[in-house]
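Colleague: One structure coming up, written as structure tokens, with questions to follow.
The values are calculated or read from the model by the stated rules, or taken from the named source; none is laboratory data. Only a predicted model underlies this, so the values are computations on that prediction, with no experimental measurement involved. Please note: Cβ atoms are built from the backbone with ideal geometry, for glycine as well, and neighbour counts cover all protein chains shown. Heads up: the accessible areas ignore ligands, DNA and RNA and are worked out on the full protein's heavy atoms, side chains in. Shrake-Rupley method; radii C 1.70, N 1.55, O 1.52, S 1.80 Å.
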Amino acid sequence: MIDRQTLAKLVAADIPAGAFVNLGIGQPTEVADHLAPDSGVVLHTENGMLGMGPQAHGDDVDLDLINAGKIPVTELPGASYFHHADSFAMMRGGHLDVCVLGAYQVSARGDLANWHSGAPDAIPAVGGAMDLAVGAKQVFVMMNLLTRDGKPKLLPECTYPLTGLRCVSRVYTDLATFLITENGVVVRDLHGIAFADLQSLLDVPLIEELS
């Protein structure tokens with residue numbers, strides 16, 4: 001099992017150089033702190049900024065400079081700002097290479113459920129997730145593989161309301177990294193667990209990637 005920071009490093013390492021990327025609220029925001037300075041990756045926030053840098057600390061905090069999760073961030077040279085409507089036009093228009101989102105559930109075919117648990121008293125929080133799920137060229141998900149009560153979040157079919165259909169290409173979790181392919185769910189990396197033990201946790205048939 002790996003911690004959140006190590007998981008964020010793995011995701012950051014997989015983002016192509018020069019990509020335009022949106023980081024969703026929660027775990028994905030931590031990816032910004034692990035991108036190489038020379039990567040050329042341009043971070044987009046749905047509240048209207050291109051060229052976001054790592055999280056701000058101490059004297060670098062400007063309360064008017066935040067990401068979509070209301071976390072203070074820094075700006076990189078060349079950063080730009082724009083109207084919320086323009087930001088969503090970028091998201092919907094296919095201009096983002098990658099978005100990294102959190103999730104309640106992901107299905108074996110790449111369906112995403114991340115805006116509502118379906119519970120009667122839950123507060124819906126879709127935000128721009130639907131726009132990102134269908135607008136980005138690739139959708140990466142970061143999440144714990146199991147819920148707090150030990151139930152899998154990677155499932156044959158999502159049971160929560162869907163955000164997007166067949167949109168997720170990779171799932172990064174504390175126990176393994178999964179590739180969602182036409183041939184099935186491929187386990188690319190294991191994090192402190194044997195393949196057989198991982199399979200025993202899930203009802204989804206897994207394919208072990210050959211090195």
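A quick yes/no check of all residues on (1) closer than 20 Å to Ala133 by Cβ; (2) at pLDDT below 95; (3) among the hydrophobic types (A, V, I, L, M, F, W, C):
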residue: Thr6; (1), (2), (3): no, no, no
residue: Lys9; (1), (2), (3): no, no, no
residue: Ala12; (1), (2), (3): no, no, yes
residue: Ala17; (1), (2), (3): no, no, yes
residue: Val21; (1), (2), (3): yes, no, yes
residue: Gly26; (1), (2), (3): yes, yes, no
residue: His34; (1), (2), (3): no, no, no
residue: Asp38; (1), (2), (3): no, yes, no
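Colleague: Within region 176-195, track down each residue that is part of a strand (DSSP E or B), without any contact (Cβ under 8 Å) to a residue 40 or more places away in the chain and of a type in the set (Gly, Ala, Ser).
Modeller: Once the filter is applied, which keeps residues that are part of a strand (DSSP E or B), without any contact (Cβ under 8 Å) to a residue 40 or more places away in the chain and of a type in the set (Gly, Ala, Ser), region 176-195 yields only Ala176.
Colleague: Name every residue in region 21-38 that is free of Cβ contacts under 8 Å to residues at least 60 places away in the same chain and either surrounded by 15 or more Cβ atoms within 10 Å (Cβ to Cβ) or under 13 Å from the mean Cα position of the chain (by Cα) (or both), in order of residue number.
Modeller: Of everything in region 21-38, those that are free of Cβ contacts under 8 Å to residues at least 60 places away in the same chain and either surrounded by 15 or more Cβ atoms within 10 Å (Cβ to Cβ) or under 13 Å from the mean Cα position of the chain (by Cα) (or both) turn out to be Thr29, Glu30, Ala32, His34, Leu35.
Colleague: Suppose the filter is open to solvent by 50 Å² or more (accessible area, probe 1.4 Å), of a type in the set (Ser, Thr, Tyr) and in contact with a His (Cβ under 7 Å, 6 or more places away or on another chain); does Tyr104 pass it?
Modeller: For Tyr104, the condition - open to solvent by 50 Å² or more (accessible area, probe 1.4 Å), of a type in the set (Ser, Thr, Tyr) and in contact with a His (Cβ under 7 Å, 6 or more places away or on another chain) - is not met.
Colleague: Applying the selection to region 143-166, what residues are touching a Leu at 6+ places or on another chain (Cβ under 6 Å) and over 19 Å from Gly118 (Cβ atoms)?
Modeller: Within region 143-166, just Leu145 meets the criteria.
Colleague: Using the structure shown, decide if Ala13 is among the aliphatic types (A, V, I, L, M), open to solvent by 60 Å² or more (accessible area, probe 1.4 Å) and in a helix (DSSP H, G or I).
Modeller: In short, yes.
Colleague: Regarding region 161-170, can at least one residue be identified that is crowded, with 18+ Cβ neighbours inside 10 Å, out of contact with any Ser or Thr (no Cβ under 7 Å at 6 or more places or on another chain), farther than 28 Å from Ala89 by Cβ and β-branched (Val, Ile, Thr)?
Modeller: No, region 161-170 contains no residue that is crowded, with 18+ Cβ neighbours inside 10 Å, out of contact with any Ser or Thr (no Cβ under 7 Å at 6 or more places or on another chain), farther than 28 Å from Ala89 by Cβ and β-branched (Val, Ile, Thr).
Colleague: Need pairs with beta-carbon distance below 6 Å; first residue part of a strand (DSSP E or B) and within region 42-53, second open to solvent by less than 10 Å² (accessible area, probe 1.4 Å) and hydroxyl-bearing (Ser, Thr, Tyr); sequence gap 6+ or separate chains.
Modeller: Met52/Thr45
Colleague: What's the number of the condition Ala68 fails, among (1) assigned to a helix (DSSP H, G or I); (2) aliphatic (A, V, I, L, M); (3) touching a Gly at 6+ places or on another chain (Cβ under 9 Å)?
Modeller: With (1) assigned to a helix (DSSP H, G or I); (2) aliphatic (A, V, I, L, M); (3) touching a Gly at 6+ places or on another chain (Cβ under 9 Å) applied to Ala68, the lone miss is (1).
The rows are residues; the columns are (1) surrounded by fewer than 20 Cβ atoms within 10 Å (Cβ to Cβ); (2) in contact with a Lys or Arg (Cβ under 8 Å, 6 or more places away or on another chain).
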site: Asn67; (1), (2): no, no
site: Lys70; (1), (2): yes, no
site: Pro77; (1), (2): yes, no
site: His84; (1), (2): yes, no
site: Arg92; (1), (2): yes, no
site: Asp97; (1), (2): yes, yes
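Colleague: Now for a separate question. Being in a helix (DSSP H, G or I) and under 20 Å from Leu10 (Cβ atoms) is the requirement here; does Leu198 meet it?
Modeller: yes
Colleague: Then there is this: Do you know which residues across region 119-155 are in contact with a Ser or Thr (Cβ under 7 Å, 6 or more places away or on another chain), surrounded by fewer than 19 Cβ atoms within 10 Å (Cβ to Cβ) and not aliphatic (A, V, I, L, M)?
Modeller: Result: Gln138, Asn144.
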